[in-house]
Amino acid sequence: MKHQKRHAKLNLAGPHRRAMLRNQVITFIDNGSLTTTRARAKEVRRFAEKLVTLARSGNTFVNRQRAKALLPYKDESLVKLFTEIAPQYKDRPGGYTRILLLGRRISDTAEIARLEWVS
């Protein structure tokens, strides 16, 4: 049964899944869009929107420390998140990203999607 399962496993072990999601969120923040499978895009969206909500509440030491705990790999991405991305969504109550379906991959027919920021 899948009752109250909060996230997709993505056929990965827990630490590998967490590292993959962190890396994809960093790529998403740096490039502004991310092309991946639909299931991964949904998980990355959850993670990214939580970070934007955290960054929207202010550029304080505590908020940066909490964001650094979630994304410990690249400080430049956190700077961009706090200075460029979060101020754009100051008045928006949620829904900072959109997922556009691009079709299916030829090799394994996985659904491909593009995740991008809402302007």
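The values are calculated or read from the model by the stated rules, or taken from the named source; none is laboratory data. These numbers come from a predicted model, not from an experiment. Neighbour counts are summed over all protein chains in view; Cβ atoms, including those assigned to glycine, are modelled from backbone coordinates with ideal geometry. Quick note on the areas: whole protein, heavy atoms, side chains included, nothing else; ligands and nucleic acids left out. Shrake-Rupley method; radii C 1.70, N 1.55, O 1.52, S 1.80 Å.
At-a-glance table
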| read-out | value |
| --- | --- |
| Probe 1.4 Å, all protein chains present, accessible-area order of S77, S107, S57, S33, largest first | S107, S57, S33, S77 |
| Accessible-area value, D30, 1.4 Å probe, nucleic acids and ligands omitted, Å² | 50 Å² |
| Total charge dipole magnitude, the chain, about the Cα centre, Cβ charges on Lys, Arg, Asp, Glu only, Debye to nearest 20 | 540 debye |
| Area of Y73 that stays accessible when all protein chains are in place (1.4 Å probe, Å², to 10) | 120 Å² |
| Largest-first principal axis extents, alpha carbons of the stretch 5-119, Å | 45, 31, 27 |
| Signed unit charges on C-beta, dipole axis of the stretch 17-119, positive-most listed residue S57, S33, L78 | S57 |
| Karplus-derived HN-Hα couplings along the stretch 80-88 (A = 6.51, B = -1.76, C = 1.60, θ = phi - 60°), whole Hz, x at Gly and Pro | 5, 4, 6, 9, 10, 7, 4, x, 5 |
| Reachable lysines, given that their alpha-carbon falls under 26 Å from the alpha-carbon of K80 and they are not under 8 places away in the same chain | K42, K50, K68, K90 |
| For the chain, built as a Gaussian network whose Cα springs stay under 10 Å, the top-fluctuating residue of R40, R104, R22 | R104 |
| Among L101, L12, L70: highest mean-square fluctuation, GNM of the chain, C-alpha pairs under 10 Å | L12 |
| Cα-Cα separations in the stretch 62-119 greater than 14 Å, expressed as whole percent | 68 percent |
| Only Lys, Arg (+1) and Asp, Glu (-1) charged, at Cβ; the stretch 1-71 dipole about Cα centre in debye | 340 debye |
| Calculated [θ] (222 nm, deg cm²/dmol) that DSSP helices of n ≥ 4 give over the chain, each run adding -39,500 (n - 2.57) | -14000 deg cm²/dmol |
| Gaussian network model of the chain, springs between alpha carbon atoms under 10 Å - residue of L102, L51, L78 with greatest fluctuation | L102 |
